[in-house]
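First up is the structure itself, then whatever we jot down about it.
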Amino acid sequence: MPVTKTAKRALRGSKRKAQVNKLIFAKLERAVRLAKKAKGAEKIIAAISLADRAVKKRVIHKNKASRIKSTLSKLLPKTSAKTKSSKKKASKKKS
């Protein structure tokens with residue numbers, strides 16, 4: 001247990017931050033499970049977005065997020081992947 005006043009204050013702060021981090025991580029895990037189960041493009045994109053936000057808030061490491069995003073992107077329908085790449089090529093040609 002902390003002894004000094006500042007250590008007690010730091011403990012309170014770290015407990016609050018741990019709760020927030022746990023909430024973010026739990027939300028990400030639920031989204032990943034739902035995305036893998038449903039295999040819908042909307043749910044997969046939502047889970048990828050949550051992974052990016054978790055990295056931004058330093059809840060998970062960027063490499064873990066990359067692994068999550070890689071496995072989820074493999075579940076995306078092939079047609080949507082083709083249309084995205086063709087849109088990017090078309091926009092590059094216009095410039």
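Looking at PRO2 and the list (1) in contact with a helix residue (DSSP H, G or I) (Cβ under 7 Å, 6 or more places away or on another chain); (2) of a type outside the set (Phe, Trp, Tyr); (3) part of a helix (DSSP H, G or I); (4) modelled with pLDDT under 95, which single condition is not satisfied?
(3)
Quick one: how many residues across the range 21-46 are over 15 Å from the mean Cα position of the chain (by Cα) and of a type outside the set (Gly, Ala, Ser)?
So the count comes out to 2.
Those residues that are over 15 Å from LYS69 (Cα atoms), β-branched (Val, Ile, Thr) and surrounded by 11 or more Cβ atoms within 10 Å (Cβ to Cβ), I need them from the range 1-45; list them, please.
Passing the criteria: VAL20, ILE24.
The values are calculated or read from the model by the stated rules, or taken from the named source; none is laboratory data. Every value quoted in this text rests on a predicted model; they were computed, and no experiment measured them. When we count neighbours, we look across all protein chains shown, and the Cβ atoms used for this are built from the backbone with ideal geometry, even at glycine.
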